[in-house]
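Here the structure is laid out as structure tokens; the discussion comes afterwards.
The values are calculated or read from the model by the stated rules, or taken from the named source; none is laboratory data. Computed from a predicted structure; not experimentally measured. Cβ sites come from the backbone with ideal geometry, for glycine too, and all protein chains shown count toward neighbours.
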Amino acid sequence: MARSLPCSLLLLAIVLFVLAGCGGGSGGPSLTPVSGKVTVGGKVLTRGSVSFRPDKARGNNDPSEPFGDIGPDGVYKLYTGKNLGAPLGKYVVLVAATEEVDPNKPSDTPKSLVNLKYSDPDMPILQLDVVENPKPGHYDLDIPK
Amino acid sequence: MGARTVTGARRAFTLIELLVVIAIIAILIGLLLPAVQKVREAAARAQCQNNLKQLALGVHGFNDVHKTLPHNGSRNFTTQGQSCCGAGAPRWSWIARILPYIEQDNLFKQASVSETTNLNANAVVLDAISRTIPILLCPSDNAITPRTDAANLSPIRVGTTNYKGVSGGNWGNGETRWRWGSPNGPFGSPLGTANHSGILNGNGIFFRADYLRKLAINQIRDGTSNTFMIGEVIPSLDIHTSWPYSNNACGTCGIGPNSKRVNGTDYAANDWPNVYSFRSRHSNGLQFALGDGSVRFVSETIPIARYRALCSVGGGEIASSDN
């Protein structure tokens, strides 16, 4: 047995050396959780998406574009890249929601559930600030019909 | 394991020693196999890159002869709306128009690609559009071809492609993060509220209604070495993908590269507002042919504003249109 002990140790060392390559985290800009409820004319919007675009006109030149899906309960949560939350700052908000594509008319534009002007990136209407301690409902959006 | 003293007995390996050797070999193979896989993928990527290069050279060949880039649809069309939908009109793609320049002259003649031949004109043309063109297939993706589920054409059998023309960086559909309106395409302000702007009025080199303008390669304002011309797609993830038909041979950079839902799953293949774009099976990114014929690998983490800018030809009114 004595002869194979160094071999076993060598093996153990190799395994540890290989495993040592794994792990390690990644840093990034600090993100603040943002979540709210979307309604259209008071009725819950059950699908669609929300984007917060940094508002250059009000001095926010952050390159990130926080984005979130609207769930069946009308609630959206913002992600920046793959991370939950959004950087603090001033934003314009885009909301879009459509029905699904009609399989029989695969190239038709699906019917929009929100007035298209609320998703026009060139003429944004809604504004919101991402803040440290928001009041309840700060990120809720009620869009006129 | 006391040493035996019997004369002539040879010293043998013990079980432990054997196991250790086998374990070390196993680790080495474990390290080697992924490397072999990577080499195979690199070879596939290189061939894919070569295909892109051939297509770009075909576009240049066409441009040299006709003094304009190949167009989608028919120059006989007079409105943007005529670009869609179906095989019952001469809605040929830019790929169909460069066939003679990628050594597919016989196919070009069989399909009678022109300003007047419908894609479903007769059995001979229908046979031609079902053909598979080898340089349109990327070996990293096992695309099913011909396909019978292509958008607007189904159930017609039609040859598929792993490459589409770049329509530009403007887009007015799908999730909010893909919506981007500027700069406008050659026809000025977006139609309505930016909706459809990237399809009928793209700010890139190829889009569905580009028969209404003439653009030559020397009119690309941003410079041909700064403008994406042809990109990679995965046909099984986008039913708007086949080589003969204009609405199946263009894609947008408004939608980010390798687009997926926020939860990481693929969109439905018919969800064109979110998949009429570029993607590949190479790891971490995708390749584009640029206007000058070079091919560049683009990381899928490229900032989307830069990605969109690389796909537009410069925004303004580029060239006068026919009418």
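To keep it simple, each residue is scored yes or no on (1) surrounded by 19 or more Cβ atoms within 10 Å (Cβ to Cβ); (2) in contact with a helix residue (DSSP H, G or I) (Cβ under 8 Å, 6 or more places away or on another chain); (3) free of Cβ contacts under 8 Å to residues at least 40 places away in the same chain.
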{"residue": "B:N248", "(1), (2), (3)": "yes, no, no"}
{"residue": "B:K260", "(1), (2), (3)": "no, no, yes"}
{"residue": "B:W272", "(1), (2), (3)": "yes, no, no"}
{"residue": "B:V275", "(1), (2), (3)": "yes, yes, yes"}
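Give all pairs with beta carbons closer than 8 Å in which a residue from the range B:125-140 that is of a type in the set (G, A, S) meets a residue that is assigned to a helix (DSSP H, G or I) and surrounded by fewer than 19 Cβ atoms within 10 Å (Cβ to Cβ); count only pairs at least 6 apart in sequence or on separate chains.
B:A128/B:Q110; B:S140/B:E41; B:S140/B:A44
Can you tell me how many residues in the range B:227-249 are away from chain A (no Cβ under 13 Å) and either closer than 13 Å to B:Y267 by Cα or not hydroxyl-bearing (S, T, Y) (or both)?
13
Has the range B:48-56 got at least one residue that is at pLDDT 90 or above, farther than 20 Å from B:Q104 by Cβ and among the basic types (K, R)?
Checking the range B:48-56: not a single residue is at pLDDT 90 or above, farther than 20 Å from B:Q104 by Cβ and among the basic types (K, R).
Of these, A:P87, A:P72, A:P63, which one is without any contact (Cβ under 8 Å) to a residue 40 or more places away in the chain and either on the phi > 0 side of the Ramachandran plot or out of contact with any Lys or Arg (no Cβ under 8 Å at 6 or more places or on another chain) (or both)?
Checking each option against the conditions leaves just A:P63.
Residue pairs, Cβ under 9 Å, 6 or more apart or interchain, first in the range B:285-297 and under 15 Å from B:R308 (Cα atoms), second in a loop (DSSP other than H, G, I, E, B) and among the basic types (K, R). List them.
Pairs that qualify, where the first residue is under 15 Å from B:R308 (Cα atoms) and the partner is in a loop (DSSP other than H, G, I, E, B) and among the basic types (K, R), are B:L286/B:R279.
With the condition kept exactly as written, say whether any residue in the range B:66-74 is assigned to a helix (DSSP H, G or I) and among the hydrophobic types (A, V, I, L, M, F, W, C). Steps first, answer last, please.
Kept after step one, since they are assigned to a helix (DSSP H, G or I), are these residues of the range B:66-74: B:66.
Those left that are additionally among the hydrophobic types (A, V, I, L, M, F, W, C): none.
No, the range B:66-74 contains no residue that is assigned to a helix (DSSP H, G or I) and among the hydrophobic types (A, V, I, L, M, F, W, C).
Listed residues B:L55, B:L107; which is under 18 Å from B:G165 (Cα atoms), of a type in the set (A, V, I, L, M) and not in a loop (DSSP other than H, G, I, E, B)?
Every option except B:L55 fails the conditions.
Scanning the range B:258-310 for residues that are among the charged types (D, E, K, R) and at the interface with chain A (Cβ under 10 Å from one of its Cβ atoms), which turns out farthest from B:T148 (Cα to Cα)?
Among those residues, the one meeting the criterion is B:R306.
More than 10 Å from chain A (Cβ to nearest Cβ), among the small types (G, A, S) and within 23 Å of A:F67 (Cβ to Cβ): is that true of B:G204 in this structure?
When the stated conditions are applied, B:G204 does not pass them.
Among B:I16, B:I27, which is modelled with pLDDT of 95 or more and either over 24 Å from B:I230 (Cβ atoms) or among the hydrophobic types (A, V, I, L, M, F, W, C) (or both)?
B:I27
Somewhere in the range B:135-149, is a residue away from chain A (no Cβ under 14 Å), of a type outside the set (S, T, N, Q) and farther than 29 Å from B:A43 by Cα?
The answer is no; no qualifying residue exists.
Assuming B:A289 fulfils every condition listed in (1) farther than 28 Å from A:E100 by Cα; (2) modelled with pLDDT under 95; (3) in contact with a helix residue (DSSP H, G or I) (Cβ under 9 Å, 6 or more places away or on another chain) apart from one, which condition is it?
Here B:A289 meets the rest and fails (2).
Filtering the range B:64-89 down to residues that are closer than 14 Å to B:N248 by Cα and crowded, with 23+ Cβ neighbours inside 10 Å, which residue is farthest from the other protein chains (Cβ to nearest Cβ)?
B:H71
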